[in-house]
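What follows is a set of notes on a single structure, which appears directly below.
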Amino acid sequence: MLRLPPFRYHRPGTVEEAVSLLHEHGPDAMPIAGGTDLMPNMKHRLFTPAHVVSLNGIGAMRGIGVSGATLRIGALETLHDISTNPLVRGHFPGLATAAGQVAGPQLRNMGTIGGNVCLDTRCTYYNQTEFWRGALGYCLKKDGDICHVTRVGRKCVAAHSADTPPNLIALGASLTLTGPTDTREIDAADFFITDGIWNTRRASDEILTEMRIPLMGPVSNGRGGDRDNGRLRPNARGVHRRSAYRKLRQRNSIDFPLLSVAVVGDFEQDGTVAGLTGVVSALGARPRILAGWDEIALGERLGPESIEALAERARAQCRPLDNIIVDAEWRRAMVPVQVRRALEELAGGRDDEPQSRNG
Ligand SMILES: Cc1cc2nc3c(=O)[nH]c(=O)nc-3n(C[C@H](O)[C@H](O)[C@H](O)COP(=O)(O)OP(=O)(O)OC[C@H]3O[C@@H](n4cnc5c(N)ncnc54)[C@H](O)[C@@H]3O)c2cc1C
Ligand code: SF4
């Protein structure tokens with residue numbers, strides 16, 4: 001049996017108290033929300049914080065509701081609640097699908113969206129017991145000085161493996177971080193970096209408190225929209241937004257993504273594309289926004305030809321590594337397949353119900 005290392009548990013009631021505890025104890029402290037990732041990682045001795053600061057007593061970090069022209073989601077909302085919330089399902093079906101495909105029901109009842117966004121990266125050579133890692137001589141990300149995947153360099157290429165962030169990025173969400181001296185907002189697209197040792201711009205004494213998603217903002221061309229009692233409706237020019245999510249995994253439950261694809265599109269009334277964004281993840285340490293889609297899709301209908309061209313453009317940009325348990329070449333071959341399926345869902349979907357279901 002794997003046992004937890006000893007630690008002192010704190011349960012503050014406000015964001016300020018939590019941040020102050022994190023600041024006071026520095027690298028010896030970590031926040032915990034649902035604990036579904038941190039606890040196994042502590043048992044594997046990937047993290048051994050002497051102080052664990054629970055966020056669960058902080059009411060201000062809960063809630064899902066329309067705020068101005070955005071949907072505000074508190075970082076403590078569970079993945080189950082996000083996947084079943086009518087506002088999320090109505091406005092952002094791709095995000096609802098992604099939250100509903102994380103792990104299994106028990107983990108979605110405990111796991112939060114904040115913990116999902118701040119999830120540690122994963123690798124075959126890292127998510128192992130201390131005994132296993134020690135036998136191999138450890139690795140760059142923890143206790144060692146070599147990367148067993150690349151064998152060169154000082155950068156960790158462990159995989160970003162969280163399901164919701166690709167959707168948040170594609171939807172143009174912003175994240176709110178509170179630290180000891182200030183509160184700042186950062187675009188989800190700018191939050192992740194390419195070094196898998198610590199792959200976010202969050203300082204260790206900052207807490208992600210909430211995220212805001214534009215209800216009908218620009219995808220790639222700066223066009224706005226409007227709302228009717230919090231419900232998405234066509235903007236002045238009749239542009240509708242749709243989203244979809246595809247997740248490749250070994251089994252259709254419990255497993256982390258081997259490859260994930262989030263797509264968000266704005267469509268004119270005649271069905272032509274007014275904006276299109278695709279984000280792939282689970283390949284390297286951060287999600288990748290696919291480049292060059294506008295020139296293929298803008299002003300066109302999403303049909304077999306344009307979808308094929310977009311899928312091929314995605315394949316050309318993605319080079320998976322042997323950082324997780326399946327063959328990298330096979331994963332690369334799956335990129336155009338999953339992108340095509342996501343775009344077909346987007347093209348065929350209605351605007352008032354989730355377009356994406358199982359992976
Ligand atoms: C068997 C199994 C399968 C899984 N499958 C998947 C999967 O398919 N897809 C997937 O995405 N995840 C998966 N997970 C991981 C995990 O369950 C989810 O990612 C979950 O959303 C994590 O949320 P949490 O609240 O439990 O995070 P925690 O474990 O509490 O925290 C995770 C990390 O985020 C930090 N943290 C948490 N909340 C905050 C905050 N508000 N501000 C700053 N830092 C914070 C913690 O310090 C920790 O480093 C799986 C886990 C297990 C055990
Ligand atoms: S990618 Fe390399 S450094 Fe990162 S966890 Fe895997 S083996 Fe370690």
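Structure above, values below:
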{"read-out": "Residue check, ARG184 in a strand (DSSP E or B), of a type outside the set (A, V, I, L, M, F, W, C) and over 17 Å from the mean Cα position of the chain (by Cα)", "value": "yes"}
{"read-out": "Qualifying residue in the stretch 147-155 (condition: more than 22 Å from GLU206 (Cα to Cα) and assigned to a helix (DSSP H, G or I))", "value": "no"}
{"read-out": "Qualifying residues in the stretch 109-166 (those that are acidic (Asp, Glu) and without any contact (Cβ under 8 Å) to a residue 40 or more places away in the chain) - the one farthest from ligand 1 (Cβ to nearest atom)", "value": "ASP145"}
{"read-out": "Pair list, Cβ under 6 Å, 6 or more apart: the stretch 255-266 residue closer than 15 Å to ILE213 by Cβ, other residue part of a strand (DSSP E or B) and among the β-branched types (Val, Ile, Thr)", "value": "ALA262/VAL279; VAL264/THR277"}
{"read-out": "Considering residues of the stretch 142-186 that are within 9 Å of ligand 2 (Cβ to nearest atom) and among the aliphatic types (A, V, I, L, M) only, the residue farthest from GLU210 (Cα to Cα)", "value": "ILE146"}
{"read-out": "Helices (runs of 4 or more DSSP H) enclosed by the stretch 264-357 - at least 3 residues per element that are of a type in the set (A, V, I, L, M) and either surrounded by 21 or more Cβ atoms within 10 Å (Cβ to Cβ) or under 23 Å from the mean Cα position of the chain (by Cα) (or both)", "value": "304-317, 328-348"}
{"read-out": "Pairs where the first residue, in the stretch 186-215, is modelled with pLDDT under 95 and among the aliphatic types (A, V, I, L, M) and the second is assigned to a loop (DSSP other than H, G, I, E, B) and surrounded by fewer than 23 Cβ atoms within 10 Å (Cβ to Cβ), C-beta under 6 Å, 6+ apart", "value": "LEU215/ALA69"}
{"read-out": "Of residues in the stretch 7-44 being within 6 Å of ligand 1 (Cβ to nearest atom) and part of a strand (DSSP E or B), the one surrounded by the fewest Cβ atoms within 10 Å (Cβ to Cβ)", "value": "MET30"}
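The values are calculated or read from the model by the stated rules, or taken from the named source; none is laboratory data. If you're wondering where the values come from, they're calculated on a predicted model, not measured in any experiment. Note that we place each Cβ from the backbone using ideal geometry, even for glycine, and neighbour counts take in every protein chain shown.
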